[in-house]
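Read the structure below first, then the notes.
All of the numbers you see were taken from the coordinates with simple rules; none came from a lab. Not measured: the values here are computed from a predicted model. Here Cβ is always computed from backbone atoms with ideal geometry, including for glycine, and neighbour counts include all displayed protein chains.
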Amino acid sequence: MDNLILVTGGAGFIGSHTCVALSAAGYRPLILDNLNNSDVRVLERLAKITGRPPSFIKGDVRDRTLLDRIFREHNISGVMHFAGLKAVGDSVTDPILYYGNNVTGALVLAEAMQAAAVKTLIFSSSATVYGTPERSPIPESAPCRPANPYGRSKRMVEQMLADLQHSQPDWRISLLRYFNPVGAHQSGLIGEHPLGNPNNLMPLVSQVAVGVRDQLAVHGNDYPTHDGTGIRDYVHVMDLAEGHVAALRHAASGPGLVTLNLSTGQGASVLDVVKAFERASGQRIAYEVGPRRPGDVAAYWGDPSLAQVTLGWRARRGMDQMCADTWRWQQQNPQGYESDGAL
Ligand code: NAD
Ligand code: UDP
């Protein structure tokens, strides 16, 4: 069969949701994950949603011997590479850890794919590669000036893969630049479960709603935006997941390299998110306005038109659904995958 897709980092937030979309589209995911930022219990949740447990190998994407064995033993037709570290602040304090995991991980994977002649690759890049954008919506042609080691690690991998595709034009490579992924599968069985203290807005808002946290600290309300708070382009994780399936289908149409924003094209402010979450949950979200967060950009959102034209994909789920699905996941799983209430 030629529909087996290796999903590195498939136990994580975006990877697990993409496994659902892959299964729904008739592909079979084979997850490779070292569980460094995920919980193995996601596998039983995936089985419950899709009716079939995904194949899973616990291991590190930097382990070339393991990769060679995986490609030898399985008839893999393509790879989605989610495995990586993603905390911007940690990347500043430990850049070598980030370059080692994100850049070396992609390099070892590309070497193993080359050796195995598997030449279809979808890579998780990030809007972080743009750094502080000159204008929004940001097109893919905007200059890339990442402002931290995490963003630079993503940009380095993009450049490496573009060089690879240039030298070997039979590769089919998609570089997908995600904006702010939020939400959860509508079943409430899988979602984002940040280990330790979350830094991102949506998990923090949902923790306030469920009572894990007293209030949200709003990082500044003196930005030049409609309500003074920062604006981002939040995209539902199931829309992202479907974007990956669309990229896989596009790859089947012929070799080449595409670089695409996965975004909605619309920005929402911190207070827009708070209000939408209040509507979705029926809970009041207490917040206190504090100082700006160092390094924050006031507002940016992505231009999704190239992804629409190239893949025939567009984000379909709005902010209300992002909040409703996050809330369902949070309520059913206050302790993430440690909660057994939803099973
Ligand atoms: P996540 O941490 O939930 O998932 C990443 C998964 O990769 C985890 O399950 C982790 O255990 C695994 N992993 C990490 N290093 C590994 C290694 N060396 N070998 C094997 N497995 C490894 O993160 P996510 O939010 O699902 O992000 C997935 C990808 O998308 C990452 O590459 C991330 O940089 C990128 N991305 C995420 C966001 C975001 O805000 N969530 C935005 C843009 C891009
Ligand atoms: N934000 C906030 N309080 C928080 C976390 C985030 O006000 O506790 C704001 C942040 O300043 C930004 C927006 O929410 O304007 C999104 O932040 P997040 O960290 O989720 O995404 P990023 O800034 O990395 O795009």
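Okay, here's what the table says:
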read-out	value
Point-charge dipole on Cβ atoms (K/R +1, D/E -1) for the stretch 267-330, about Cα centre, debye to 20	140
Theoretical FRET efficiency, 1/(1+(r/R0)^6), r = Cβ-Cβ of residue 72 and residue 222, R0 41 Å, to 0.05	0.10
Amide H contacts of residue 31 (H built 1.01 Å from N, under 5 Å, at least 5 apart or other chain)	7, 55, 56, 57
Distance cut-off 20 Å, percentage of C-alpha pairs in the stretch 218-343 lying past it	57
Extension gain, residue 278 back to residue 166 (0.36 nm per residue minus Cα-Cα distance, nm)	35.4 nm
For the chain: relative contact order, % (alpha-carbon pairs under 8 angstrom, 6 or more apart)	19
Shape metrics for the stretch 168-289, restricted to C-alpha atoms - Rg then Dmax, Å	17.6, 55
Dipole axis of the stretch 1-140 (+1 Lys, Arg; -1 Asp, Glu on Cβ), positive-most option in 9, 139, 96	9
5 angstrom amide H check on residue 218, placed H, neighbours 5+ away	288, 289, 290
Per-residue ³J(HN,Hα) for the stretch 324-329, Karplus 6.51 cos²θ - 1.76 cosθ + 1.60, θ = phi - 60°, Hz, x for Gly and Pro	4, 6, 4, 5, 4, 4
Using a Förster distance of 41 Å, the FRET efficiency for residue 134-residue 24 (Cβ separation, nearest 0.05)	0.60
Where labels lie 7 Å past Cα in the beta-carbon direction, separation of residue 286 and residue 93 in nm	2.7
Amide H partners (placed H, <5 Å) of residue 178, local residues excluded	125, 126, 127, 262
Inverse of mean 1/r across different Cα pairs in the stretch 129-178, Kirkwood, Å	11.9
Distance (nanometres) between label positions extended 7 Å along Cα→Cβ at residue 249 and residue 36	3.4
Angle between the chain longest axis and helix 64-73 axis [Cα atoms, degrees, rounded to 10]	70
Ratio of the Cα radius of gyration of the chain to 2.2 N^0.38 Å, where N counts its residues	0.95
Pairwise label distance in nanometres, residue 4 with residue 145, each label 7 Å out on the Cα-Cβ vector	4.7
Förster-model FRET efficiency, 41 Å R0, residue 47 and residue 111, C-beta, rounded to 0.05	0.80
Test item: Cα-centred dipole of the chain, Lys/Arg +1 and Asp/Glu -1 on Cβ, debye	400
Along each principal axis, Cα extent of the stretch 1-80, largest first, Å	32, 30, 16
Dipole of the stretch 1-144 [Lys/Arg +1, Asp/Glu -1 at C-beta], most positive-end residue of 30, 105, 126	30
Value of [θ]222 nm, deg cm²/dmol, for the chain, DSSP H segments ≥ 4, -39500 (n - 2.57) each, nearest 500	-11500 deg cm²/dmol
The stretch 81-234 - charge dipole about Cα centre, Lys and Arg +1 at Cβ, Asp and Glu -1, debye rounded to 20	180
DSSP bridge pairs, the chain: antiparallel proportion in percent, nearest 5	5
Three principal axis lengths of the stretch 97-256 [C-alpha, angstrom, descending]	53, 39, 32
Cα centroid separation - the stretch 32-50 against the stretch 271-343, whole Å	22
Positive dipole terminus of the stretch 177-335, leading residue within 246, 181, 318 (C-beta point charges)	246
Rounded to whole Å, sorted largest first: equivalent-ellipsoid semi-axes of the stretch 72-167, Cα gyration tensor	26, 17, 10
